[in-house]
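Readers should treat all values here as calculations from the given coordinates under stated rules, not as data from a laboratory. Predicted model only: the values in this text are computed from it and were never measured. As a convention, Cβ positions derive from the backbone with ideal geometry for all residues, glycine included, and neighbour counts pool all protein chains shown.
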Amino acid sequence: MNIINIENIAKIYEVGTEKVHALRDVSVKIDKNEYVAIMGPSGSGKSTLMNIVGCLDTPTQGLYDFAGENVSQMNDNELARIRNKQIGFVFQTFNLLPRSDALHNVELPLIYAGLSKALRRERAEEALENVGLQDRIHHKPNELSGGQRQRVAIARALVTKPSIILADEPTGNLDSKTGEDIMTLFDNIHSQGNTIILVTHEEYIAEHAERIVRLKDGLINQDEKVRKRIRKTSAQMESN
Amino acid sequence: MLKILFDFKEGIIISLKAIKANKLRSFLTTIGIFIGIVAVTTMSTAIVGLEEAFKESLSAVGSDVLFIDKFEWFGQKDWRYYRNRKNITYDQYEALVEKYHKAAAIAPVERTFGRTVKYKEKSAQSTMIYGTNEQFEKTNGSIPQTGRYMTDIEVKASRRVCIIGSDIAELLFENEEAIGKEVKIDGVPLRVIGVFEKKGSGFLGMPSEDGQIVMPLKVFNRIFGTRRRVQIAVKVADVNKMEEAREEITEVMRIIRKVPPGKEADFSINQQDAIMDAYNATIGVVATAGIVITILSLFVGAIGIMNIMFVSVTERTREIGIRKAIGAKTWSILTQFLSEAAFICLIGGVLGVIASYFLSLVISKLLPTSMPVSIVVLSLFISVLVGLLSGFLPAYKASKMDPVEALRYE
Ligand SMILES: Nc1ncnc2c1ncn2[C@@H]1O[C@H](COP(=O)(O)OP(=O)(O)OP(=O)(O)O)[C@@H](O)[C@H]1O
Ligand SMILES: [Mg+2]
């Protein structure tokens, strides 16, 4: 059963009189519990595609079906509802609220979901514990390392128990060791039954995924399964 | 409804953080509102105070008393027109008493101001002296605190008695007993038979009843002469029939003064309402000035808030992007910024109310003031309203931001 069904979408930006084709004609289907990496040169349309998949943006043309709902026709508030309930976003630059502590950052999606304070707190603490930050819940972003910030962002993405996790270059601002830790975390999240789509420039990061979609000039260039490889299990990660 | 309250609650929590992060800026922003609220609160406080004081000084006399006089209070015509009318005389008063029986009390009144009253070597200056009859007690509403009022017999027999205001009593007698003592006015000795109860200062320089002396009209005429005009005070029996009484008295007076039918009456019938109207007109001017100042400063304040909210929205573009990305709806962002603007204004309003409270304490040394709860509530309501209005455009801009653009903002 496809959770994402994209058919012939295009995204065209108009800059002055010029038209920029960020995406020309992209069709892709993604199943539940898939682990997909999107790769491609800079400017090939990866972020544009991610934004459309994540309902932050709508395509200029084409059809986007998310969990059976036609997203391409939705208004702003309906999109906001989908983003809140079904999608967890992780960004390259973390995008945490600088004045709020980790706990509040993670609680935020639950506030917009209208949950009670007690329930919010409980679930936010649980999510922070899952990313190993139980002793950092009252730290503000500037009191955390890059890797820790990204963990907070991942906790925030997970806290609503979304249908898919989207990550646009989640390791782009991290050193390779920290990036590897974050990827292990993603592997873990995937093994718990989550659907993950991530954008990356690095082959070794992409190899964590099961499938790699390559974009070029707003078109899908290649879409292939990754060869079977030995993954670090969560048990191994604990022992690290 | 609950959802709206919930959004506002969250909005206020968020805005508190934002305000805390920008304490000085928020404070400066709120100065316009602060001044506006000080203006509106102080103004209405003063007006309410004036009104209370005024009504109090009027109520003693009562609105059920008609004053027949050759002058019209706050008349439309040139004062010379009224001056040229013939004086109302004592005989006309007597004729009225004879012909008009429906009154609760009728008093002929002559008065003179600026007289000196002496007791031994002490003296009281600038007193207001009334020559009248025993019914003046009812038409004027001044009741003796100690002693008694003059009687019908004392008036008829022109006894040299007087009732004095409390200020005069304090000045002349200090701790001595005033009743029974003899005071002198223009060398004529008069026995004090009563002291009026204390009324407090007169309204806006109006002669205070505490500085008045009342004596029989004939005695008054003997001291000050008979050339003064008489004013006839008529206390109407039924307050609900003021208009009727007015018409009847006009009829009777026309006959007494021999005004030919069809010609304009050569006297006027005045009522406290006329003072009230004139007072209201004055207050109207004061209030209008106050409202103009208030609106101007609130307007300036509102522009300031709007400006700072636009800055705030732009500065927090990324934050807005983040909130939208994780599911904030248009409405949530709107309420967040609206409540921030409203909250900043409310702070200005609260500070304004506190400042006006202290200001009113200072003003109360000069003018009677009082600050009713309704004005406090109104002021706070106005501040919140200004916040909501001036915050609307910035908040709307924030709520309509495109999440992708907002997240990309540096
Ligand atoms: N708001 C916009 N207005 C105009 N052009 C845009 C806009 N957003 C993206 N583009 C253009 O669309 C194309 C795709 O951009 P996109 O951000 O999707 O690339 P990307 O593959 O994510 O690149 P990178 O690897 O550098 O992040 C680029 O040519 C870019 O200039
Ligand atoms: Mg990109």
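Quick notes on this structure:
- Helical content alone sets the calculated 222 nm signal of chain A at -10500 deg cm²/dmol, taking -39,500 (n - 2.57) per DSSP H segment of four or more residues and averaging over every residue.
- Shape annotation for chain A: C-alpha extents along the principal axes are 50, 41, 37 Å, from largest to smallest.
- Euclidean distance of C-alpha centroids, segment B:1-45 and segment B:333-350, integer Å: 4
- The residues neighbouring A:I6, those whose beta-carbon lies less than 10 Å from its own, together hold a net charge of -1 under the Lys/Arg +1, Asp/Glu -1 convention.
- Legend: calculated FRET efficiency, A:K85 to B:K400, from the Cβ-Cβ distance at R0 = 22 Å, rounded to 0.05, equals 0.50.
- Sorted largest first, the principal axis extents computed over the alpha-carbon atoms of segment B:271-406 equal 73, 26, 21 Å.
- Long-range tail of P(r) for segment B:144-189 (Cα pairs > 14 Å, %): 55
- Diagonalising the gyration tensor over the Cα atoms of segment B:87-239 and scaling each eigenvalue by 5 before taking the square root yields semi-axes of 25, 17, 15 Å, largest first.
- Classified by the C-alpha gyration tensor, segment B:233-284 has an oblate form. Its axis ratio a/c, with a ≥ b ≥ c, is 1.5 or above, and a/b does not exceed b/c.
- Per-residue mean of C-beta atoms belonging to partner chains within 10 Å, peptide B:315-325: 5
- In degrees, nearest ten, helix B:330-363 long axis to first principal axis of chain B (Cα): 30
- Overall shape of chain B was characterised from the C-alpha gyration tensor. The equivalent ellipsoid obtained from it has semi-axes of 66, 25, 16 Å, in decreasing order.
- Mean per-residue shielding of peptide A:51-61 is 2, counting Cβ atoms of other chains within 10 Å of each Cβ.
- Magnitude of the charge dipole, the protein assembly as shown, Cβ model with Lys/Arg +1 and Asp/Glu -1, debye to 20: 1380
- The percentage of C-alpha pairs in the protein assembly as shown whose separation is greater than 40 Å is 56%.
- Against chain B, whose longest principal axis is taken from its Cα atoms, helix B:373-399 shows a tilt of about 30°.
- C-alpha long axis of helix B:31-59 to longest principal axis of chain B, angle in °: 20
- Greater than 24 Å apart at Cα, pairs in B:K17/B:K400; A:K161/A:K216; B:K86/B:K199; B:K17/B:K324; B:K102/B:K138: A:K161/A:K216; B:K86/B:K199
- Electrostatic tally near B:I153: other residues with Cβ closer than 11 Å to its Cβ, Lys and Arg +1, Asp and Glu -1, net -1.
- Rounded to 5, the percent of DSSP beta bridges in segment B:87-239 classed as antiparallel: 75
- Highest to lowest packing among B:117-125, B:308-316, scored as the average C-beta count within 10 Å: B:308-316, B:117-125
- Charge dipole (debye, nearest 20) of segment B:87-239; +1 at Cβ of Lys and Arg, -1 at Cβ of Asp and Glu: 440
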